[in-house]
Every structure is written in C-alpha cells, then in structure tokens.
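> Could you have a look at this structure, given as structure tokens, before my questions?
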Amino acid sequence: MAFWRHLTLRDMDSFSTNAKAYKTQLLKVDKTESDATSYSIGPDNPNSNYDRLVKFVSGGEFQNDFLLLLGKYQLYPSCGGMDDGDLPGLAGWSFVRVRRNVKVEAVLVHNLSAKRLVIGQFFGERDAVTNLRVAAPAFELPANSGPLEGTSDSIAPGQTAIILTRILFLLPSDQLSDFRKYRESMDALHNAFGSGDFAGNISAYKAPDPKDYAFGPALSLTGALVNSTRVEFSARRVPNFLEMTVSQEGASC
C-alpha cells in the first residue's frame, strides 16, 4: 500500500525536527536505538547537500510535482531488514522522499579528418530563461532557428568539441515505472468501488504523473557552418545519441 503527496519547502525545513519525532515513535514500538536511527535521517546526512541544491534551482518555491513524499506499508521486512518478524519502519510504515536525478545534455563534434575543422557558427535557438521550468521534449526542433552568436571555433584533427545544451532534473526510471503500475491498479480499484463516502478531491486517488524539468539557459542546435558549408542536423533523421550515467555505489543484502 502506498500514499503520496507533493513535498513542500516547509517539509524540507522541518525535516530534522520531524525525523527526531519519528525516531521517538520508533522507540515506542520496541525498536533498539540503532534500529530507530537507521530509519531516521540526521541533519548531518549527505542528503542535506541535495536539499541545498533543489532549494537553489527552485528559487525557494517548488513546483507541485517537482519533489514527492511517499509512504509505504509493508507486512514483511525488506531486504536486509529487521529480524524476529519485526515490521519495518513504524508498525510497517516507512516514508521516503523521491529525489530527482540530474542529467546534462550536450552535443559532441568530433573531427575525424586530417585537417582542422572550422566551425563558422551553430544554428538553432537559445533559451535565456534561467529559472526552473517544465522541459521541452527531447529532440524537439525549435520553432525559431537562426544563427547563434559566439559559437564559432575550430577543432584540430582527432579533437572533440563539447557543447553543453541543457540541464535536466528527472525522476528515476524505476520510480516512473512504479507510478505507471500504481495508476493501472488504482484506476481498476476506483472503477470497481468508486469513491465510497469520500468527498472533496476524489481524483486524488490517482498516482502522480510528474513532468521533467529544465534549469538554466539552454541551447537547441539544428545545424552548423563547417568549413563554409552548412550542415543541417535535422536532415539526419536518426541522431547519434550517447547516454552516460554517473552514480554512486550502495550496499545490498
């Protein structure tokens, strides 16, 4: 069983206080000090660096679906959980914040020839907006493509130029998959039983359908002037695409 709601700035600012209160409740259900600590997060946890990051990019005001708080009920301990049949968390309830991954998109221009490659300029569209906003779909061609000032350069044989195009904040793919499964089961339950005696926002039973977000200025490139010849990227229907993931290792059971 899972419940969710949007995470607010107030939740984040009061997180340490709430974590201590949660730990106190854990100790009341016969958990040891070490077990209770494993279910709470202190103010010196590395997650606080992430808190500062999202506060900065959001300008101190979160979009509704930017960060989410999930509550899950488990009848059995999870992998590496408690012994002796103890339920995880507080009587089977545990709460987590869904963190977004940071993705940086870029265009790479590699000179495979034996001569220097002269880039007169790139063509496309520059988005000068710097605040957090809903991201445009990947590979969407800009509506107003034109020459981009300050993009001329030269590339020696064997060298590669990297042009950063935009910064994205995305939910993990496994979490999005879970949300899709939630939507199917929740719709089935709602169709079968309806809203019962509940009033108000009866559509709140649905799982979230979060959007991708972009931060900072961005570039959409459609072509380049290479050795005085214009090359249109849009003419190549299948773009060369490389996705590289950087992550940290964690323990498992």
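The values are calculated or read from the model by the stated rules, or taken from the named source; none is laboratory data. Here the structure is a predicted model, which means the values were calculated and not measured. Neighbour counts are summed over all protein chains in view; Cβ atoms, including those assigned to glycine, are modelled from backbone coordinates with ideal geometry.
> So which of Asn191, Asn144 ends up being free of Cβ contacts under 8 Å to residues at least 24 places away in the same chain and farther than 30 Å from Ile119 by Cβ?
Asn191
> May I ask you to verify whether Asp153 is of a type outside the set (Phe, Trp, Tyr) and at pLDDT below 80?
no
> Suppose we filter Gly223, Gly200, Gly196 for residues that are over 24 Å from Leu70 (Cβ atoms), over 21 Å from the mean Cα position of the chain (by Cα) and either free of Cβ contacts under 8 Å to residues at least 24 places away in the same chain or crowded, with 16+ Cβ neighbours inside 10 Å (or both); which single one remains? Explain how you work it out, then say what you get.
Values: Gly200 fails: over 24 Å from Leu70 (Cβ atoms); Gly196 fails: over 24 Å from Leu70 (Cβ atoms).
Within the list Gly223, Gly200, Gly196, the selection yields Gly223.
> Right, next: Which one is nearest to the chain's Cα centre (by Cα), of the residues in segment 167-188 that are without any contact (Cβ under 8 Å) to a residue 40 or more places away in the chain and exposed (fewer than 13 other Cβ atoms within 10 Å of the Cβ)?
If we take residues in segment 167-188 being without any contact (Cβ under 8 Å) to a residue 40 or more places away in the chain and exposed (fewer than 13 other Cβ atoms within 10 Å of the Cβ), then Ser173 is nearest to the chain's Cα centre (by Cα).
> Looking at (1) surrounded by fewer than 11 Cβ atoms within 10 Å (Cβ to Cβ); (2) in contact (Cβ under 8 Å) with a residue 12 or more places away in the chain, which is the one condition that is false for Leu164?
(1)
> Go through Val107, Val57 for me and flag whichever is modelled with pLDDT of 75 or more and not assigned by TED's automatic domain parsing to the domain that holds Ala218.
When all the criteria are applied, what remains is Val57.
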